[in-house]
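Each value in this text was obtained by applying a stated rule to the coordinates, not by laboratory testing. No experiment lies behind these values; they were computed from the predicted model shown. Virtual Cβ from ideal backbone geometry, glycine too; neighbours counted across all protein chains shown.
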């Protein structure tokens, strides 16, 4: 079952997010592209930080990516560990 994974990182500035985004992009390039089971990705500001919201084909794959890849990159740029929430997806559509 598809899930949405929200990772809230705060406090964080736009500059810190940009540094993280650059590292994530380089890691994806080195891996040959985005993870195959990632269905959608969006980041938006919230409060004094930002939220990463991803839709994954399965909870296990999404949580593994966050725990083994994204959290390491977050730590590398000096940001605090994010708070993760996982919820089932009942409907998903792309235009």
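I'm checking my understanding of the structure. Among residues of the range 67-87 that are in contact with a strand residue (DSSP E or B) (Cβ under 6 Å, 6 or more places away or on another chain) and farther than 18 Å from residue 18 by Cα, which one is surrounded by the fewest Cβ atoms within 10 Å (Cβ to Cβ)?
Ranking the qualifying residues of the range 67-87, first place goes to 87.
Kindly indicate which of 36, 64 is out of contact with any helix residue (DSSP H, G or I) (no Cβ under 7 Å at 6 or more places or on another chain) and surrounded by fewer than 12 Cβ atoms within 10 Å (Cβ to Cβ).
36
Need pairs with beta-carbon distance below 7 Å; first residue under 21 Å from residue 60 (Cβ atoms) and within the range 18-45, second in a strand (DSSP E or B); sequence gap 6+ or separate chains.
Cβ pairs passing all conditions: 37/56; 38/54; 38/56; 39/55; 39/56; 40/54; 40/55; 41/54.
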